[in-house]
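Please read through the structure below; I'll follow up with questions.
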Amino acid sequence: MPRVSKKLKLVSDIGEYAAATAILTEDEGEIDQQILEYFEIIAVIQSQRCSVPRIRVPKSDEWYLSVLASYDDTRFKKYLRVTRFDFGRILEMIRCHSVFQEVTKKQIPIEKQLAIALYKFGTNGTASGVGNVAALFGVGDGGTVMMSVRRVIKALLHLKNDWIKWPSQEDRKVIENSMEAELPKCIGYIDGSHINLEESPNTDPESYFDRKQNYSIQLQAVCDNSRKIINIFVGYPGSTHDARVFSNSKIGKHPELFLSEGQWIAGDSAYPVTDKVVTPFRRNSNFGNERQRKGFNKYFASYRVKIECTFGVLKETFCSLKELRVRINDEGGHKLACEWISACCILYNIILESLDKPSEGDDYFEDEDEINPPHHHVYRNAKREEIFYFVINKFGL
């Protein structure tokens, strides 16, 4: 049954009272006067706005100033995803950025903005909702939270070239020498990862719908032996195949700018095999014998798993990347999502030394048949065959 407001009920009661009075009154002139008075009363009531007293939502800095400040490093890291020492390092890196010097609108302290951003990066689900974060940090929920996050992202992106950079020719030579007895001339490991979105984008949602039935954005990354990210390419919607993402990235278009003669990177079989990208053998390959191919693929995977581990640790550290709560209504929303992902990759490299080292297990691998249907063509490649013979000779396969 519909709920009747107090104002409507009052008007109804006055109308009933006026009708009853008219019945009991014999003088028609008096009746007209009473009805006129009742209409005036109703008009006054209708013109009044029934407002509820505004209640200020209490804001408290208690958790941020007292509770968080009293936590040991383990608890501090649980909430902000970085150690107290790393928090100080990051703060010093971004403190002088112009985004925090704007005087058009008063800002909360920079360290508090950083704490809010780190908390948002590190949480997903309802815990990362703007209202919850605002209550936790004692700030308004009318825009303070997301403005803080945007400022921190902008400042972090300014650090990208310092923290996500391809090794120089000299550094690649050092890597090459260190890999001589393992995977000769291998410089790094490449793969793609889907960053799931919490909700369907309003703009072209079909293009974001990936093979795992999620809406997502593609992150392509290359890491080195220490699992440091040395290259990222973010932005293609989730339905795009890894091979197409790669072919449109700078490293895919111009590998000669990244790799010297004979150098290569390792990828899974979603990528086309070339002299610059070596992949494992597919199940329909007839090169060598089955035992040799399996031996090669297993050995190859023990190194390629480093990029899978990198993605795993990245998402466990910054859990917002498991299901990103960024609404994509237009190009601006897509841009914010991509910048958010990039900022988390930059932070990952900054705090890499403080992160727990993962175990390199098979849990990180995706289903190869799902990614690479067995009807794909089989290609031969001199670089892969060179590595293949190196491996089978090393283990006497």
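The values are calculated or read from the model by the stated rules, or taken from the named source; none is laboratory data. Please read these numbers as outputs of a predicted model, since none were measured by experiment. Positions of Cβ are backbone-derived with ideal geometry, glycine not excepted, and every protein chain shown enters the neighbour counts.
If we keep just the residues of the range 93-108 that are touching a helix residue (DSSP H, G or I) at 6+ places or on another chain (Cβ under 6 Å) and touching a residue at least 60 places away in the same chain (Cβ under 8 Å), which is surrounded by the fewest Cβ atoms within 10 Å (Cβ to Cβ)?
HIS97
Considering the range 209-267 alone, what residues qualify as being more than 22 Å from PHE281 (Cα to Cα), aliphatic (A, V, I, L, M) and out of contact with any strand residue (DSSP E or B) (no Cβ under 8 Å at 6 or more places or on another chain)?
Across the range 209-267, the qualifying residue is only LEU257.
Residue check: is SER342 within 19 Å of LYS165 (Cβ to Cβ), of a type in the set (Ser, Thr, Tyr) and in a helix (DSSP H, G or I)?
Numbers: within 19 Å of LYS165 (Cβ to Cβ): yes; of a type in the set (Ser, Thr, Tyr): yes; in a helix (DSSP H, G or I): yes.
Yes: the conditions hold for SER342.
Any chance you could count how many residues in the range 109-130 are modelled with pLDDT of 95 or more, β-branched (Val, Ile, Thr) and surrounded by fewer than 18 Cβ atoms within 10 Å (Cβ to Cβ)? Give the steps one after another, and end with the answer.
Residues of the range 109-130 that are modelled with pLDDT of 95 or more, as a first pass: 109-123.
Imposing the further condition that a residue be β-branched (Val, Ile, Thr) reduces the set to 110, 116, 123.
When the remaining residues are screened for being surrounded by fewer than 18 Cβ atoms within 10 Å (Cβ to Cβ), the result is none.
So the count comes out to 0.
I'd like the residue in the range 267-297 that is under 28 Å from GLU256 (Cα atoms) and basic (Lys, Arg) and, out of all such residues, is surrounded by the most Cβ atoms within 10 Å (Cβ to Cβ).
Applying the filter and picking the extreme gives ARG282.
Still on this structure: Regarding the range 106-117, can at least one residue be identified that is out of contact with any Pro (no Cβ under 6 Å at 6 or more places or on another chain) and within 14 Å of SER320 (Cβ to Cβ)?
Applying the first criterion (out of contact with any Pro (no Cβ under 6 Å at 6 or more places or on another chain)) to the range 106-117 yields 106-117.
In the following step, the residues that additionally are within 14 Å of SER320 (Cβ to Cβ) were identified as 116-117.
Checked against the condition, which is being out of contact with any Pro (no Cβ under 6 Å at 6 or more places or on another chain) and within 14 Å of SER320 (Cβ to Cβ), the range 106-117 yields at least one hit.
Pull up the range 213-227, narrow it to residues that are more than 18 Å from the chain's Cα centre (by Cα) and among the polar types (S, T, N, Q), then point me to the one that is surrounded by the fewest Cβ atoms within 10 Å (Cβ to Cβ). Give the derivation first.
So the first thing to find is which residues in the range 213-227 are more than 18 Å from the chain's Cα centre (by Cα), and the list is 223-227.
Filter once more, keeping what is among the polar types (S, T, N, Q): 225-226.
Values: ASN225: 16, SER226: 10.
Among them, the one singled out is SER226.
From the residues in the range 156-196 that are among the aliphatic types (A, V, I, L, M) and within 18 Å of ILE232 (Cβ to Cβ), which one is farthest from the chain's Cα centre (by Cα)? Steps first, please.
Quick first cut of the range 156-196, residues among the aliphatic types (A, V, I, L, M) only: 156-157, 159, 164, 174-175, 179, 181, 183, 187, 190, 195.
Imposing the further condition that a residue be within 18 Å of ILE232 (Cβ to Cβ) reduces the set to 156-157, 159, 164, 187, 190, 195.
Working: LEU156: 14, LEU157: 14, LEU159: 18, ILE164: 17, ILE187: 27, ILE190: 19, ILE195: 6 Å.
If we take residues in the range 156-196 being among the aliphatic types (A, V, I, L, M) and within 18 Å of ILE232 (Cβ to Cβ), then ILE187 is farthest from the chain's Cα centre (by Cα).
Hey, another quick one. Report the residue count in the range 169-218 for those that are part of a loop (DSSP other than H, G, I, E, B) and either within 30 Å of GLU385 (Cβ to Cβ) or not assigned by TED's automatic domain parsing to the domain that holds SER269 (or both).
Total satisfying the criteria: 7.
Can I ask one more? Between residues in the range 330-353 that are in contact (Cβ under 8 Å) with a residue 60 or more places away in the chain and residues that are of a type in the set (Gly, Ala, Ser), which pairs lie under 6 Å by C-beta distance while being six or more apart or on different chains?
What qualifies is CYS338/GLY235.
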